[in-house]
């Protein structure tokens, strides 16, 4: 399982609205596909939730359903009030949690 | 007015409408058929996706497969973050530094900084290997290093490790022209590849040339046929929802025409890869590309 | 007067060309009961207005399994007035729910981009709910081509 990728600018000015891009490698098995040999449906296994916190407070989240493509890509904005740390959390149907952190420094 | 005349009148209108719709359908088809004129710029660097072909080419102009894709697909390759092939490149960056095998070495132990040591390597793959007396693809070179120099296990052709590493190494040649050797010792292999390219096979009795040479630019049902160049491999394909190798692509094409496909790493596919690479001589390496 | 062979041929090929182009008609995208139900549940009884929401999608999706989609909602994004959530629905998919974005005043801008799966040509809907309970919607038809020689 490849690590999640996150692109966050290293610095920003106070209250600047930045763009954050994220991508995680995941098959996003929809639950619609059938096993060719057995004819049975392959069970669903997707990332179902994505959450972003800044200095511990939730700022953005996405509930994800099988209609989202494999290797989910998410891009969104954040208005940065001060220096701090973002935490990005992905939750898998099977309970696994993938996390990564990125710091940002507010200049000027 | 005789009944027949009225009927003819209606049919006439319908026929005209039919002609108009056919004309519309045909004109849309022609519009979609030409490779588009967009330029590929990745992180500020311009990548050549249209060149004058090598001598003996059946085409007036060589186009990268990138040119045949929709603008949304093209955009995904123009940014290394948007490009869904990069998670595997990241994996390979880590593997490059990982010590594996009985010799206690990592790739970096000998090859140090990949940006320097691997620069240009992808441009002339498959490449002649004197020790083995035959050409080797990039995958085969990697496994040769792993088994004979690192004392490590081979990687499977289509494993994430191999895909990531061939993408990572290919990336170090991005923007450089494809320049595979086709003469001297390579000539018999190149010739074999050429024969395979033009031979009809399978239940549908088709050859590579039938689509990629005779009909490049046209629509085959909903797919826009390219010239079949491989300068972007390994490539992230939407159809696969992941990165895949050249030989995987060759295999898929053969299955589509209901032929029994050759195996990844087979002499046939190595020969074919040499020949197909030579048809794209001069195009920039685009690894890791994004395609449909 | 009989139709000549030529006229019959033209009529026939005209019909095929129209099918190939796949011109959608309004009735083809009447929202299903499931879609209506999900929108109603999300809206929580509020009347659904138009405007404010802008859904960006390709006119023709090269491959239905990876369709880039963006949604933007006009809003001052202050604590007093911001976009709470935006729900994306793919009306022609076996299950219409795709994703729901949850913004906050710290979002600065209510925009999100992702890549979605579309099983066939269909209407994609974005429904936005504001902090004051008002609801707005935008829709776009995305043509999804199926069939080719992919390998």
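Every number here is computed from the coordinates shown, using simple stated rules; none is lab data. Remember, predicted model here, so these are calculated numbers, not experimental data. All Cβ positions, glycine included, derive from the backbone under ideal geometry; neighbour counts span all protein chains shown.
Miscellaneous remarks
- Measuring nothing but how far apart in sequence close Cα pairs (under 8 Å, 6+ apart) lie, relative to its length, the stretch C:40-83 scores a relative contact order of 31 percent.
- Relative contact order for the stretch B:118-168, counting Cα pairs under 8 Å that sit 6 or more residues apart, in percent: 21
- Ranked by how many other beta carbons lie within 10 Å on average, peptides A:47-55, A:14-22, A:99-107, C:44-52 from highest: A:47-55, A:14-22, A:99-107, C:44-52
- Between the helical axis of B:246-256 and the longest alpha-carbon principal axis of chain B there is an angle of about 40 degrees.
- Modelled label positions at residue B:36 and residue B:255, each set 7 Å beyond Cα in the direction of Cβ, lie 2.9 nm from each other.
- With Cα atoms, 0 to 90° folded angle of helix B:187-198 axis to chain B main axis: 30
- For the peptides B:274-286, C:82-94, the ranking by mean Cβ contacts within 10 Å, running from highest to lowest, is B:274-286, C:82-94.
- Counting Cβ atoms of other protein chains within 10 Å of each residue's Cβ and taking the mean over peptide C:50-59 gives 1.
- Under 19 Å from a label point set 7 Å out along the Cα-to-Cβ vector of residue C:32, the amide N atoms of the stretch C:79-122 belong to C:87-100, C:116-122.
- Axis angle, to the nearest 10 degrees, between helix B:267-279 and the longest C-alpha principal axis of chain B: 70 degrees.
- Tail weight of P(r) past 19 Å, computed on alpha-carbon pairs of the stretch B:97-178, percent: 37
- Inter-chain neighbour count for B:232-239: the average number of beta-carbon atoms from partner chains within 10 Å of each residue's beta-carbon is 3.
- For the stretch A:44-108, the gyration tensor built on C-alpha atoms gives a prolate shape. Its axis ratio a/c (a ≥ b ≥ c) is at least 1.5, and a/b is the larger of a/b and b/c.
- Relative contact order (%) - chain B, alpha-carbon pairs under 8 angstrom, separation at least six: 25
- Each residue, residue A:7 and residue C:95, gets one label point 7 Å from its Cα in the Cβ direction; the gap between the two is 3.0 nm.
- Mean ellipticity per residue at 222 nm, deg cm²/dmol - from DSSP H runs of n ≥ 4 across chain B, formula -39500 (n - 2.57): -12000 deg cm²/dmol
- Stretchable slack from residue B:94 to residue B:156, in nm (0.36 nm times residue separation minus alpha-carbon distance): 20.5 nm
- Gyration tensor verdict on the protein assembly as shown (Cα atoms; rounded if a/c is under 1.5, prolate if a/b is larger than b/c, oblate otherwise): oblate
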